[in-house]
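Right, one structure below, let's go through it.
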Amino acid sequence: MDVLLTKFFNPNKLVKKIPISGELPSASTLLTRALRIAWPSLTESVLIGLVGMVDTMMVSTLGTYAIAAVGLTTQPKFIGLSFFLSLNIAVSALVARRRGERDEENAKQVLLQSLIITLVMTAIVSILCVVFADPIIHLAGSASDTHDEAVTYFRIIMGGMVFNTVSMVINAAQRGCGNTKIALRTNLTSNLVNIVFNYLLIGGNFGFPRLGVAGAAIATVIGTVAACIMSLLSVLHTHGFLHLSRPLRLRFDRRTLGGLVNIGSSTLAEQIFLRIGFFVSAIIVARLGTEPFATHQICMNILTIAFCFGDGLSVAAVALVGQSMGEKRIDLAQIYGSICQRIGFLISILLGVVFFLFGRNLVGLFSSEPHILDDGSMILDMMAFIVLLQISQVIFNGCLRGAGDTRFVAVVSLISVTFVRPLSSWLFCYPIGWGLIGAWVGLTLDQLARFLLSRYRFGSDKWTNIQI
């Protein structure tokens, strides 16, 4: 086994088109470091995905309409979070680069300035989403049996988003300097609190009011409050590389703001392209009716688990690639990116087998309705192939973000998610007449396009000279 692993992760074979600029550690040393940073973020991401599944299962006890109602808010919610998701990618990349340069003061300034920006933007986005929740959810494709519940859920989630956004930016900075265990602990606590209050508030157990879908939203916000407190405590000390201990000297310097704008603007464009594509695709499916959309939402919850594996490894890739480039070791940056990708490939093979063999059983965890089981199991068969593309492209894009090559990732999102996915989904869904299956064919083509483009870019050397 050791021989096979050493051969599969041989550093000399993982360097392509990039000159070796120093002594290369052994395969076992490189793999150990990659796993040490990756396993907390991977575990964190997967647990978040699993809790999302449990969340949907608990909401599903209210009926198919409740699954669809909560699902309708997903893309509008992420559109509202687009700015913060893009800012956090920039924060992780910048802190990772400063960590490699051993520049503690500027890493602190990245976090401080990002927190101020986050608080101001959260107030603006939160107010807009709460005030215009009704037309937003109507635009998302709500039906008469889902609209009111979806509006209520959306207003509660977006009204309490400040706890989520503050926690997100702190955890992004911690991940950048390799402290992935902190984000794991905060999100694990948040998700456990969410599940407990789901049980208490959705069905009204132990004397708590029965609030249904609104209870699920309140439980989510309470969970983010717990995460926010833990995240703040993680940086209010004098230990470690990243801390906000007194005295704090906030200064909006050109270097930090320039880095945030340079990376953040590209990642914001990427997020906008992603969310437009996802939103339009969700509307296309929502027009099929409540039951098909509920089926779609169930399958997307399952696919999210696969995405979470890729996302966790992508977070590790951002830190490893960013730190290596800060140390002027471009060769190690490519090696660590390739190691994360190969770990992801092994995981995707295992997940593909599970989806193919046990697809109907997985869908059955959410619903026992025959049409949902039949359509869902067909989609899970497709998902066995989709997961191979999805995990790889997510990790490749994480490597590029860690290097600061966010413009290319944004262009890929524009091409694939904004155009390929919705157009092909509409084509196969309506004119060709494949319905819900057609929408998933469109999703597959989107994943294939992103995989091919991101793989080509990482295999080149165009990302290695970017300064941030």
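The values are calculated or read from the model by the stated rules, or taken from the named source; none is laboratory data. Bear in mind the structure is a predicted one, so any value in this text is a computation, not a measurement. So basically every Cβ, Gly included, is an ideal-geometry build from the backbone, and we count neighbours across all protein chains shown.
When residues in segment 310-339 are screened for being of a type in the set (A, V, I, L, M, F, W, C), at pLDDT 90 or above and under 13 Å from the mean Cα position of the chain (by Cα), 1 of them pass. Of the residues SER348, SER367, the single one that is modelled with pLDDT under 90, surrounded by fewer than 24 Cβ atoms within 10 Å (Cβ to Cβ), touching a helix residue (DSSP H, G or I) at 6+ places or on another chain (Cβ under 8 Å) and hydroxyl-bearing (Ser, Thr, Tyr) is SER367.
Residue pairs whose Cβ atoms lie under 6 Å apart, sitting 6 or more positions apart in sequence or on different chains, and linking a residue in segment 187-210 that is farther than 17 Å from TYR153 by Cβ to a partner that is in a helix (DSSP H, G or I) and among the small types (Gly, Ala, Ser), are THR189/ALA226; SER190/GLY223; SER190/ALA226; SER190/ALA227; VAL193/GLY223; VAL193/ALA226. As a summary of the residue check, SER167 satisfies the conditions (1) farther than 21 Å from THR267 by Cα; (2) surrounded by 23 or more Cβ atoms within 10 Å (Cβ to Cβ); (3) at pLDDT 90 or above except for the one numbered (1). Suppose we keep only residues that are closer than 19 Å to LYS108 by Cβ and crowded, with 21+ Cβ neighbours inside 10 Å within segment 200-234. Which one would you say is farthest from the chain's Cα centre (by Cα)? Step by step, filter segment 200-234, then rank; the result is SER234. The criterion of being small (Gly, Ala, Ser), touching a residue at least 24 places away in the same chain (Cβ under 8 Å) and in contact with a Ser or Thr (Cβ under 6 Å, 6 or more places away or on another chain) holds for SER86.
Screening ARG36 on (1) more than 28 Å from the chain's Cα centre (by Cα); (2) at pLDDT 85 or above shows it passes everything except condition (1).
Here's the yes/no breakdown for (1) in contact (Cβ under 8 Å) with a residue 40 or more places away in the chain; (2) in contact with a Phe, Trp or Tyr (Cβ under 8 Å, 6 or more places away or on another chain):
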| residue | (1), (2) |
| --- | --- |
| LYS13 | no, no |
| THR29 | no, no |
| LEU42 | yes, yes |
| SER45 | yes, yes |
| ASP55 | yes, no |
| ILE67 | yes, yes |
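In the set (1) within 19 Å of VAL235 (Cβ to Cβ); (2) modelled with pLDDT under 85; (3) not hydrophobic (A, V, I, L, M, F, W, C), GLN75 fails one condition alone, (1). Remark: pairs (first residue in segment 449-468, closer than 11 Å to VAL412 by Cα; second residue in a loop (DSSP other than H, G, I, E, B) and of a type outside the set (Lys, Arg); Cβ separation under 7 Å; 6+ apart in sequence or on different chains) = ARG457/TRP463.
Looking at segment 84-186, the helices (runs of 4 or more DSSP H) lying wholly inside it that each contain 1 or more residues that are within 23 Å of GLY326 (Cβ to Cβ) sit at 104-131, 161-176. If only residues of segment 1-20 that are exposed (fewer than 12 other Cβ atoms within 10 Å of the Cβ) and modelled with pLDDT of 80 or more are counted, the one that is nearest to THR304 (Cα to Cα) is ASN12. Remark: pairs (first residue in segment 422-437, within 16 Å of VAL280 (Cβ to Cβ); second residue of a type outside the set (A, V, I, L, M) and assigned to a loop (DSSP other than H, G, I, E, B); Cβ separation under 6 Å; 6+ apart in sequence or on different chains) = PHE428/TRP434.
Yes/no matrix, rows are residues, columns are (1) under 28 Å from LEU427 (Cα atoms); (2) among the β-branched types (Val, Ile, Thr); (3) surrounded by 23 or more Cβ atoms within 10 Å (Cβ to Cβ); (4) free of Cβ contacts under 8 Å to residues at least 40 places away in the same chain:
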| site | (1), (2), (3), (4) |
| --- | --- |
| ARG255 | no, no, no, no |
| GLY258 | no, no, no, yes |
| GLN271 | yes, no, yes, no |
| GLU291 | yes, no, no, no |
| HIS296 | yes, no, yes, no |
| CYS299 | yes, no, yes, no |
| ILE305 | yes, yes, no, no |
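Taking the criterion of being crowded, with 21+ Cβ neighbours inside 10 Å, touching a Ser or Thr at 6+ places or on another chain (Cβ under 9 Å), without any contact (Cβ under 8 Å) to a residue 40 or more places away in the chain and closer than 23 Å to ILE202 by Cβ, would at least one residue in segment 120-134 satisfy it? Yes, the conditions are met somewhere in segment 120-134.
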